[in-house]
Amino acid sequence: MTTPLESLLSLKRWREDEAKNQFAVLLRELIKEEQNLHRTENQYSAVSERLESSMSELVNIDEIKRLNEYLGSLLIKSHLQRGVISEKERLVEDARKLLVGASTEKKIIERLNDKRKTLIEDKNRRNEQAVTDESVAAGHIRKTRFLAVLSG
């Protein structure tokens, strides 16, 4: 038979698992977005180097314009990606707080459940001891009466 406290503990464990899963998903998304930003920054560096090297060669105005436009688009993409990362970081932090809260609630219920079990075990031990004491006392009384009947 499941007690209400055990049912609540089961629910708290489920909520903690859900919070862990949500945190993991958001953390993976954040890492993916950071990798995207890193790729964009690497592209920007490569194009910048190419633009600098093309400056020392014969000047091709169309190529320089194209590279400058591409650099501008990479800067915009990088800026937008930083915004996405900031939002993902906020979501990860919110999920972390939910996870900590769920873990704390679960631990509290676990402690309460453990205390309840300990109280029940103590009560059962006292009841068993009382039954044992009563049996011993009844046996002693019977023995005393039996000896009294024999001697008297």
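The values are calculated or read from the model by the stated rules, or taken from the named source; none is laboratory data. Computed from a predicted model, the values in this text were never measured in an experiment. A quick note on method: Cβ atoms are made from the backbone with ideal geometry, for glycine too, and the neighbour counts reach across all protein chains shown.
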Residue among LEU71, LEU98 that alone is within 21 Å of TRP14 (Cα to Cα) and not basic (Lys, Arg): LEU98
Number of positions in the stretch 64-101 that are without any contact (Cβ under 8 Å) to a residue 24 or more places away in the chain, closer than 26 Å to TYR44 by Cβ and not polar (S, T, N, Q): 13
Run down ARG28, ARG15, ARG39 and say which single residue is closer than 17 Å to SER78 by Cα, out of contact with any Cys (no Cβ under 6 Å at 6 or more places or on another chain), modelled with pLDDT of 95 or more and among the basic types (Lys, Arg). ARG39
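Taking the conditions exactly as written (surrounded by 15 or more Cβ atoms within 10 Å (Cβ to Cβ), over 26 Å from the mean Cα position of the chain (by Cα), in a helix (DSSP H, G or I) and not charged (D, E, K, R)), does VAL84 satisfy them or not?
Numbers: surrounded by 15 or more Cβ atoms within 10 Å (Cβ to Cβ): yes; over 26 Å from the mean Cα position of the chain (by Cα): no; in a helix (DSSP H, G or I): yes; not charged (D, E, K, R): yes.
No: the conditions fail for VAL84.
Looking only at residues in the stretch 67-81 that are exposed (fewer than 15 other Cβ atoms within 10 Å of the Cβ) and not β-branched (Val, Ile, Thr), which one is farthest from GLU52 (Cα to Cα)? Spell out how you get there, then give the answer.
First, the residues of the stretch 67-81 that are exposed (fewer than 15 other Cβ atoms within 10 Å of the Cβ): 68-69, 72-73, 75-76, 79-80.
With not β-branched (Val, Ile, Thr) added as a condition, the list becomes 68-69, 72-73, 75, 79-80.
Numbers: ASN68: 11, GLU69: 15, GLY72: 15, SER73: 18, LEU75: 17, HIS79: 23, LEU80: 25 Å.
Out of the qualifying residues, it is LEU80.
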With the condition kept exactly as written, say whether any residue in the stretch 113-121 is in a helix (DSSP H, G or I) and acidic (Asp, Glu). yes
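Can you tell me which residue among THR104, THR40 is loosely packed, with under 14 Cβ neighbours inside 10 Å, β-branched (Val, Ile, Thr) and either touching a residue at least 24 places away in the same chain (Cβ under 8 Å) or part of a helix (DSSP H, G or I) (or both)?
Values: THR40 fails: loosely packed, with under 14 Cβ neighbours inside 10 Å.
Checking each option against the conditions leaves just THR104.
Any chance you could count how many residues in the stretch 107-134 are surrounded by 15 or more Cβ atoms within 10 Å (Cβ to Cβ) and of a type in the set (A, V, I, L, M)? First the steps, then the outcome.
Going through the stretch 107-134, the residues surrounded by 15 or more Cβ atoms within 10 Å (Cβ to Cβ) turn out to be 109, 113.
Retained after the next criterion (residues that are of a type in the set (A, V, I, L, M)): 109.
Of the residues in that region, 1 qualify.
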I'm checking my understanding of the structure. Among residues of the stretch 1-28 that are of a type outside the set (A, V, I, L, M), within 14 Å of LEU91 (Cβ to Cβ) and in contact with a helix residue (DSSP H, G or I) (Cβ under 7 Å, 6 or more places away or on another chain), which one is surrounded by the fewest Cβ atoms within 10 Å (Cβ to Cβ)? GLN22
